[in-house]
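In what follows, a structure is listed as structure tokens, so that the remarks can point back to it.
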Amino acid sequence: MSPEEVSLREYGPAVSVPLRAETGRALAGAGILRSATPDPGREGHWLLRAGSSVGAVRVPGGPVVRIMPKTPVGRLFFLLGFSLDPARAWRDSREGSIDTGGHEDVVPALAHAVERQIDAALRRGVLQGYRTVEESALFVRGRIREADQVRRHFGRTPPVEISYDAYTADTAENRILRSAVERLLRLPGVTAPVRRLLARQRLRLADALPLVPGRELPRWQPSRLNSRYRPALRLAEAVLRGTSPEHRPPPGADPLSIHGFLLDMNKLFEDFVTVGLREALREHGLTARMQDAHHLDTAKRVGIRPDLVVLSGDGRAPVAVVDAKYKVERADGLLNADLYQALAYATVLGLPEAHLIYAAGREPVRVHEVHGAGIRLFQHTLDLSRPPAALLTALEHIAQRLAGAAPHTRS
């Protein structure tokens, strides 16, 4: 019989868990774990090992799988908040900029944080705005949609196909907040007190329709009117874009959905590094492009996409190239594939150096001179156990190096 809950640790050792074969195969196929394989030493058990995704998922007919992060949750949410909106209060380097309620698990902390942000956003009332409504009516209001009138009713009235601007709480902003609340209420691990508070926020947002799952999130434009909503909106969008994997069985088999919320630490670290460097480089009059597409070969058959390409102030000439790597060094301290990748980036962009930034390592900076190429490869370490202010200071030092303001470091 499957347990009700399984706790794993990010990149931790494998845990042997009694699971039905169908459940084990669903976990293996969903791609949320580093590995899920039958335990050769225990019949009816599966060996589950977590990778870089942290959070919680529920398998129908199986357990809730919780994956605890190596990074403290408060620090993790600092990285998330900064990446989402560095220009706002999250950039003041205070760990508590996103209130996680002291929770040490991702989902309870996320639910608490979103509820607090929504409560702050709605403190002065629910935001209302104009939205274009198209409907059939018995009387004319606004504009007649002539093409629809002819196509649907052959020009006869009533009903009348009309379009008008309604002043309503059913706005893109409120729909996003309401949908985030609805999703959090379905996640495993949300505490009872927070569920009650989330239900209260859902009631306050009752005039906003929830979004249709699977569709693109509605767009909203930052303005003076919705400025109080912005922190809540950024976090709510992260909730709605969070991974909700589905196991896709062979054709003809019954589908088995896996629901939950996961943060990919690879992506979170990459976003924090690239957004942080982009902001710091502005102080040096430089611009940056994230995930900048290039080609390795002249025939343009082999694509490459560095995490960050730093450009001159006019945005024309590459100045530096960066790739973020959320991984631990090998025992010998070298990650050859990463160095080859960085060398390719520098070669294609015509740069004398390339930079790799890791989330862990034994040395703050290591430099490799490439034989016969005149290219240097820098390996930086950004220790996520350091306080937020220290992390931002470390990014500023790397930005100085990228801008050519810091002296070269030699191994």
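Some notes on this structure:
- Output for the stretch 16-51, where each listed residue is under 24 Å from K327 (Cβ atoms) and touching a Phe, Trp or Tyr at 6+ places or on another chain (Cβ under 9 Å): L27, A28, R34, A36, T37, R49, A50, G51
- Output for the stretch 117-135, where each listed residue is over 17 Å from R224 (Cβ atoms) and in a strand (DSSP E or B): R131, T132, V133, E134, E135
- Hey, A206 assigned to a loop (DSSP other than H, G, I, E, B) and either without any contact (Cβ under 8 Å) to a residue 24 or more places away in the chain or not acidic (D, E) (or both) or not: yes
- Taking the criterion of being outside any loop (DSSP other than H, G, I, E, B), among the aliphatic types (A, V, I, L, M) and under 28 Å from the mean Cα position of the chain (by Cα), the residues of the stretch 350-376 that qualify are A354, L356, I357, V365.
- Flag if R200 is out of contact with any Asp or Glu (no Cβ under 8 Å at 6 or more places or on another chain) and modelled with pLDDT under 95: no
- Looking across the stretch 345-390 at every residue that is among the small types (G, A, S) and buried (at least 17 other Cβ atoms within 10 Å of the Cβ), the one that is modelled with the lowest pLDDT is identified as G361.
- Restricted to the stretch 8-86, the set of strands (runs of 3 or more DSSP E) holding at least 3 residues that are touching a residue at least 40 places away in the same chain (Cβ under 8 Å) comprises 53-58, 64-68.
- Test: A317 is among the hydrophobic types (A, V, I, L, M, F, W, C), within 20 Å of G404 (Cα to Cα) and surrounded by fewer than 16 Cβ atoms within 10 Å (Cβ to Cβ): yes
- Residue match in the stretch 166-184 (condition: among the hydroxyl-bearing types (S, T, Y), assigned to a strand (DSSP E or B), surrounded by fewer than 18 Cβ atoms within 10 Å (Cβ to Cβ) and modelled with pLDDT under 90): yes
- In the stretch 339-361, the residues that are at negative phi reach residues that are among the small types (G, A, S) and assigned to a strand (DSSP E or B) with C-beta atoms within less than 6 angstrom, at least six apart or across chains, in these pairs: A342/A354; Y345/A354; A346/A354; I357/A324.
- Options V150, V114; residue that is out of contact with any Ser or Thr (no Cβ under 8 Å at 6 or more places or on another chain), part of a helix (DSSP H, G or I) and at pLDDT below 85: V150
- Yes/no for P193 being part of a loop (DSSP other than H, G, I, E, B), out of contact with any His (no Cβ under 6 Å at 6 or more places or on another chain) and either within 27 Å of G62 (Cα to Cα) or among the basic types (K, R) (or both): no
- In the stretch 209-232, the residues that are part of a loop (DSSP other than H, G, I, E, B) and in contact (Cβ under 8 Å) with a residue 12 or more places away in the chain: L209, P210, L211, L217, P218, R219, W220, L225, N226
The values are calculated or read from the model by the stated rules, or taken from the named source; none is laboratory data. The model shown is predicted, which means the values in this text are computed figures rather than measured ones. Positions of Cβ are backbone-derived with ideal geometry, glycine not excepted, and every protein chain shown enters the neighbour counts.
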